[in-house]
1. Of everything in the stretch 194-208, what is within 17 Å of S175 (Cα to Cα), in contact with a Phe, Trp or Tyr (Cβ under 8 Å, 6 or more places away or on another chain) and not in a loop (DSSP other than H, G, I, E, B)? Give them in sequence order.
2. Could you check E178 against (1) more than 21 Å from V97 (Cβ to Cβ); (2) of a type outside the set (F, W, Y); (3) exposed (fewer than 12 other Cβ atoms within 10 Å of the Cβ); (4) at pLDDT 85 or above and say which number it fails?
3. Take the conditions assigned to a helix (DSSP H, G or I) and either out of contact with any strand residue (DSSP E or B) (no Cβ under 7 Å at 6 or more places or on another chain) or outside the structural domain of T195 (by TED's automatic domain parsing) (or both) and apply them to Q248. Does it pass?
4. Restricting the stretch 213-232 to residues that are over 12 Å from the mean Cα position of the chain (by Cα) and aliphatic (A, V, I, L, M), which is surrounded by the fewest Cβ atoms within 10 Å (Cβ to Cβ)?
5. In the stretch 253-266, what residues are part of a helix (DSSP H, G or I) and surrounded by 12 or more Cβ atoms within 10 Å (Cβ to Cβ)?
6. In the stretch 181-200, what count of residues is obtained for those that are touching a strand residue (DSSP E or B) at 6+ places or on another chain (Cβ under 8 Å) and loosely packed, with under 15 Cβ neighbours inside 10 Å?
7. Confirm whether T173 is modelled with pLDDT of 80 or more and either over 14 Å from the mean Cα position of the chain (by Cα) or charged (D, E, K, R) (or both).
8. Based on what the data block shows, is S282 at pLDDT 85 or above, in a helix (DSSP H, G or I) and not charged (D, E, K, R)?
Amino acid sequence: MNTPHSNQEDEIDLIALLASLYQKKRFILKTVVGFMIIGLFVALVSPTIYKAQAIFVVQNSDKQVSSSISGLAALAGVNLQSEAMGDIPPSLYPNIVSGIPFKVDLLNTELEPNQLNYKDYLLNKQNSFGPTIKKYTIGLPSLILSTFNGDQQVEVLKNKEIFQLSEIDFKLTKSLEELISVEVNEKEGFITLSTLDQNPKYAAVVTSKALALLQNFITNYKTENANRILTFVTQQFELKQKQYNAVQKELAEFKDQNKNISTAVFQSNLQKIQTRYDLVYSVYLELSKQLEQAKLQVSKEIPNITIIEPVYIPNQKEQPKRALILVVFTFLGLVVSCGWVLVSKPILEISKQIKA
């Protein structure tokens, strides 16, 4: 019974809202135009950003390990069958690139040989006119806090050694999170490494350096266990080689000193030395094979990175999308002006009731 009446009230409310918007059409139009001007200014002032990238695929090596190598690996405390020689999942590549040690190495990249490195380049950009305005407007609270805190030192663990970064260097490493990115396409199996910068050449140089650092990290990680086994086998081989040479010399001297003797005692002592010689020789021979296999395993564990799209200097800008910026600001102006028209009247009524 009450449904038609309620529908009529809703219709009247909708018409009233549209009427209030129409009455304030000049205000809405002026607000939209104002936001359009702001959007146009932002679009024109925003610096041009270029994107350099490399697309590659990491092909894992054969993970089959011989049982003899596995046995020696167990003596060294490494289970090759379970660890599969330390493959890194591609999903962890973004974590590698976002790590402090990786960023510190990247900041030392020479953009111009013997003239300019990446760290100095980023510092010069931060000290330019545009970032200075941002520093003393949006970044004013953090600037005040940093003044009270002083030049803090940040300790970072790298290669099992602790070193320190100044607050400036630490902030530079944080800024790289917005410039360097790694995207893993798990469906297709390829990885995209990209760098954003206002200078297209520098973007390409940094991308190339980041790709080399990532390749070195993957290689070192994958070959770490294989090198441990190679070191262990080499040590055992050298030890058995000394034992083999010693027992071989002992056997030869024993035979030379007892050429004309054929007693039972001589035969017993000769047999004991010969048995020890045969045992040491068999172990020595087996270790020599294991050593060659371990060397081969190290070379097999070097990852094969296939470059699908090499790094090149981009000639098309990635940012800003000026048309999109203008559309977003125009839409924002329309929403803000309409919202203010619809909300201002109820707010005035509520304020009058409070004052009354």
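1. The initial filter retains those residues of the stretch 194-208 that are within 17 Å of S175 (Cα to Cα), namely 194-199, 202-203, 206-207.
The next check asks that each one be in contact with a Phe, Trp or Tyr (Cβ under 8 Å, 6 or more places away or on another chain); those that pass are 196-199, 202-203, 206.
Scanning the stretch 194-208 gives L196, D197, Y202, A203, V206.
2. (1)
3. Working: assigned to a helix (DSSP H, G or I): yes; either out of contact with any strand residue (DSSP E or B) (no Cβ under 7 Å at 6 or more places or on another chain) or outside the structural domain of T195 (by TED's automatic domain parsing) (or both): yes.
Criteria met by Q248.
4. Going through the qualifying residues, I end up with L230.
5. F254, K255, F266
6. Summing the residues that are touching a strand residue (DSSP E or B) at 6+ places or on another chain (Cβ under 8 Å) and loosely packed, with under 15 Cβ neighbours inside 10 Å in the stretch 181-200 gives 4.
7. When the stated conditions are applied, T173 does not pass them.
8. Criteria met by S282.
The values are calculated or read from the model by the stated rules, or taken from the named source; none is laboratory data. Everything quoted here is computed from the prediction, not taken from an experiment. Virtual Cβ from ideal backbone geometry, glycine too; neighbours counted across all protein chains shown.
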